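*Asks:* One structure, as C-alpha cells, below. Some questions next.
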Amino acid sequence: MRRDLVPRRRKTPARSQTVPLLVPELVARGGNRATRRFLEFFTANIRNPNTRLAYARAISRFLAWCEAHGLHQLEAIEPLVVAAYVEQHPGSPTTVKQHLAAIRMLFGWLVIGQVISMNPASSVRGPTHVVKRGKTPVLTADEARQLLDAIDTRSIVGLRDRALIGVMVYSFARVGAVTTMRVRDYYSEGKRWWFRLHEKGGKRHEVPAHHNAEAYMDAYLEAAAIADEKRSPLFRSVNRRRHLTAQPMARTDVLRMIKRRAKVVGLPS
C-alpha cells in the first residue's frame, strides 16, 4: 500500500515533490487498524518534516531487518529482537540512538492504539554517547569576514548569498530557521530592525539585526524587489537563468553554496 508520507524538497523543476513511503508488509499484515495507526504516526504524531523523514528511514530499515530475519508479525518483535538490532547496527552511536528512539516511539504509538500489547523497545538501552566537543564547523571572525567580502554582489545571487550568510553569522541562527524565513520575518520595531527565527518545536526567536546584516538584507531586498511580498519566502532558489523563483532555498542548497564560496576563498573544508 503506497502512501505519500514524507515531504522532501528536491532540486528539480517541481520542487514540491514528496517521497513515497511503502507501508511495510510486516505492518500491513496486522490489518487496517495497524496500517492506519502506522500512517497516523507520521502524519498526526510527528510535525517536524526533518524528524518525520529521519524516523521514516529508521523504522523502514528496522522492519526490513526484521523481515529478513524471519519475523513477519508485529507481535513477534520482542525486546531481544530490538536489542539484537541495536547491537549489529553499523551506524555511529548518535545514529543508533536516533533509530532506537524512532522504534520506541512507533511501538509506543501502536500500544496506545491497541494494535499490540507491549512496547518491545521500551526496555532496550542504546549505546553510551558523551559529547565533549561539537562537530559543527565554526568560522572564526576573520574567516567569516573573508567569506563575506569575497562574494561578488553584482548579481542577485551574490546579494542573496551575502544576506543569508550575514543572518547566520550575526544571529547564530540554524540553517533550518533561516531557510524557512518569510519576508515579514525581517521587520522594524522602533528604530531597529529584527529577525524572527522559527526554531524547533514551534518556538519563535526574535533577534536584533546587526548593522552589517541589516545592510546586506536591505541591498538584497531592494534588488530582489520582494519587500512587499510579506508572506513569500525570504531566501529564494534560482532557476537556470540565475533568476529568483518563488520557492525557498533548501538546507542542501545553502550547504552547497557555502562550500562553493568557502572553496573559492581557500577556507578549510
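*Asks:* Can you find even one residue in the stretch 15-34 that is at pLDDT below 90 and among the basic types (Lys, Arg)?
*Replies:* Yes, that holds for at least one residue.
*Asks:* Condition test on Ala250, is it open to solvent by less than 50 Å² (accessible area, probe 1.4 Å), modelled with pLDDT of 90 or more and not charged (D, E, K, R)?
*Replies:* Details: open to solvent by less than 50 Å² (accessible area, probe 1.4 Å): yes; modelled with pLDDT of 90 or more: yes; not charged (D, E, K, R): yes.
Taking the combined requirement at face value, the residue satisfies it.
Residue-by-condition table, conditions (1) of a type outside the set (A, V, I, L, M); (2) under 30 Å from His198 (Cβ atoms):
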{"position": "Gly31", "(1), (2)": "yes, no"}
{"position": "Glu40", "(1), (2)": "yes, yes"}
{"position": "Cys66", "(1), (2)": "yes, no"}
{"position": "Leu74", "(1), (2)": "no, no"}
{"position": "Ile116", "(1), (2)": "no, no"}
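*Asks:* Then there's this: Against the definition (part of a helix (DSSP H, G or I) and under 23 Å from the mean Cα position of the chain (by Cα)), how does Leu53 come out, yes or no? Working first, answer last.
*Replies:* Values: part of a helix (DSSP H, G or I): yes; under 23 Å from the mean Cα position of the chain (by Cα): yes.
In short, yes.
*Asks:* Let me ask something additional. Could you grab me the full set of residues in the stretch 166-180 that are open to solvent by 10 Å² or more (accessible area, probe 1.4 Å) and part of a helix (DSSP H, G or I)?
*Replies:* Scanning the stretch 166-180 gives Met168, Val169, Tyr170, Ser171, Val175, Gly176, Thr179.
*Asks:* Right, another one. Given (1) surrounded by fewer than 17 Cβ atoms within 10 Å (Cβ to Cβ); (2) in contact (Cβ under 8 Å) with a residue 12 or more places away in the chain, where does Phe195 come up short, assuming only one miss?
*Replies:* Here Phe195 clears every test but (1).
*Asks:* If I ask for residues that are hydrophobic (A, V, I, L, M, F, W, C) and open to solvent by less than 80 Å² (accessible area, probe 1.4 Å), which ones from the stretch 75-104 would you list? Step through it out loud before you land on a result.
*Replies:* Taking the stretch 75-104 and keeping what is hydrophobic (A, V, I, L, M, F, W, C), we get 76-77, 80-84, 86, 96, 100-103.
Ala76, Ile77, Val81, Val82, Ala83, Ala84, Val86, Val96, Leu100, Ala101, Ala102, Ile103, listed by residue number.
*Asks:* May I pose another question? Looking at the stretch 112-128, which of its residues are under 15 Å from Lys97 (Cα atoms) and surrounded by 11 or more Cβ atoms within 10 Å (Cβ to Cβ)?
*Replies:* Ala121, Ser122, Ser123, Val124, Gly126, Pro127
*Asks:* Based on this model, can you work out whether Arg260 counts as open to solvent by 60 Å² or more (accessible area, probe 1.4 Å), within 22 Å of the chain's Cα centre (by Cα), on the phi < 0 side of the Ramachandran plot and without any contact (Cβ under 8 Å) to a residue 60 or more places away in the chain?
*Replies:* Answer is yes for this residue.
*Asks:* Residues of the stretch 175-194 being aliphatic (A, V, I, L, M) and over 12 Å from the mean Cα position of the chain (by Cα), which ones?
*Replies:* Passing the criteria: Met181, Val183.
*Asks:* Considering only the stretch 196-232, how many residues are outside any helix (DSSP H, G or I) and under 22 Å from Ile151 (Cα atoms)?
*Replies:* 4
*Asks:* Working carefully through the options Ala84, Ala34, Ala121, find the one that is assigned to a helix (DSSP H, G or I) and touching a residue at least 24 places away in the same chain (Cβ under 8 Å). Quick ask: steps written out before the conclusion?
*Replies:* Values: Ala84 fails: touching a residue at least 24 places away in the same chain (Cβ under 8 Å); Ala121 fails: assigned to a helix (DSSP H, G or I).
Being assigned to a helix (DSSP H, G or I) and touching a residue at least 24 places away in the same chain (Cβ under 8 Å) holds for just one of Ala84, Ala34, Ala121, which is Ala34.
*Asks:* Moving on to the next point. Run His72 past the list (1) part of a loop (DSSP other than H, G, I, E, B); (2) in contact (Cβ under 8 Å) with a residue 12 or more places away in the chain; (3) open to solvent by less than 60 Å² (accessible area, probe 1.4 Å); (4) not basic (Lys, Arg) and report the number of the one that doesn't hold.
*Replies:* Status for His72: all satisfied but (3).
The values are calculated or read from the model by the stated rules, or taken from the named source; none is laboratory data. This is a predicted model, so every value here is computed, not measured. Because the Cβ atoms are built from the backbone with ideal geometry, glycine has one as well, and the counts that use them run over all protein chains shown. Surface accessibility is based on the protein's heavy atoms, side chains included, excluding ligands, DNA and RNA. Shrake-Rupley method; radii C 1.70, N 1.55, O 1.52, S 1.80 Å.
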